[in-house]
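Some notes on the structure that comes next.
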Amino acid sequence: MPELATHWGVGLSVITADRQLLIAQRGKHRSRSLCLLPAMAEGASRAHDAAPNGAPDHDRIAIRGMAEELGIEIEPNELTWLSFGANSYCASTD
């Protein structure tokens, strides 16, 4: 049931040393095709990203996502959290 599908993740905007904003554009054969998104969007994985209490650790999600999606190694002190948001819509998969 699409109404019960959930996703928890982190999207990061990346600002380069020369103050440029790095963004991504989804492929035309994906849901929400051709829309512009943050440079890195990574879903949480309990096996990789859980804090000792089992809750998602946003720093771990961000660090793993940057390494996997952009090949960039970062440290927690390099992250600046500017906002927190939630999307409560059911995205189409076609």
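The values are calculated or read from the model by the stated rules, or taken from the named source; none is laboratory data. Computed from a predicted structure; not experimentally measured. Note that each Cβ is placed from the backbone with ideal geometry, even for glycine, and that neighbours are counted across all protein chains shown.
Annotation note: Cβ proximity below 6 Å between a residue of the stretch 36-57 that is farther than 19 Å from E75 by Cβ and a residue that is of a type in the set (V, I, T) (sequence gap 6+ or interchain) occurs for L36/I23; A44/I61. For the stretch 52-83: of the residues being in contact with a His (Cβ under 9 Å, 6 or more places away or on another chain) and not charged (D, E, K, R), which is modelled with the highest pLDDT? If we take residues in the stretch 52-83 being in contact with a His (Cβ under 9 Å, 6 or more places away or on another chain) and not charged (D, E, K, R), then I61 is modelled with the highest pLDDT. Taken over the stretch 30-79, the criterion of being of a type outside the set (G, A, S) and more than 28 Å from A17 (Cα to Cα) is satisfied by R30, R32, R46, H48, P52, N53, P56. If the condition is being surrounded by fewer than 14 Cβ atoms within 10 Å (Cβ to Cβ) and of a type outside the set (A, V, I, L, M, F, W, C), then the stretch 43-55 contributes G43, R46, H48, P52, N53, G54. Scanning the stretch 1-42 for residues that are farther than 16 Å from W81 by Cβ and surrounded by 12 or more Cβ atoms within 10 Å (Cβ to Cβ), we see that the one that is modelled with the highest pLDDT is L22.
Scanning the stretch 56-82 for residues that are part of a loop (DSSP other than H, G, I, E, B) and either within 12 Å of the chain's Cα centre (by Cα) or exposed (fewer than 12 other Cβ atoms within 10 Å of the Cβ) (or both) turns up G71, E73, E75, T80, W81, L82.
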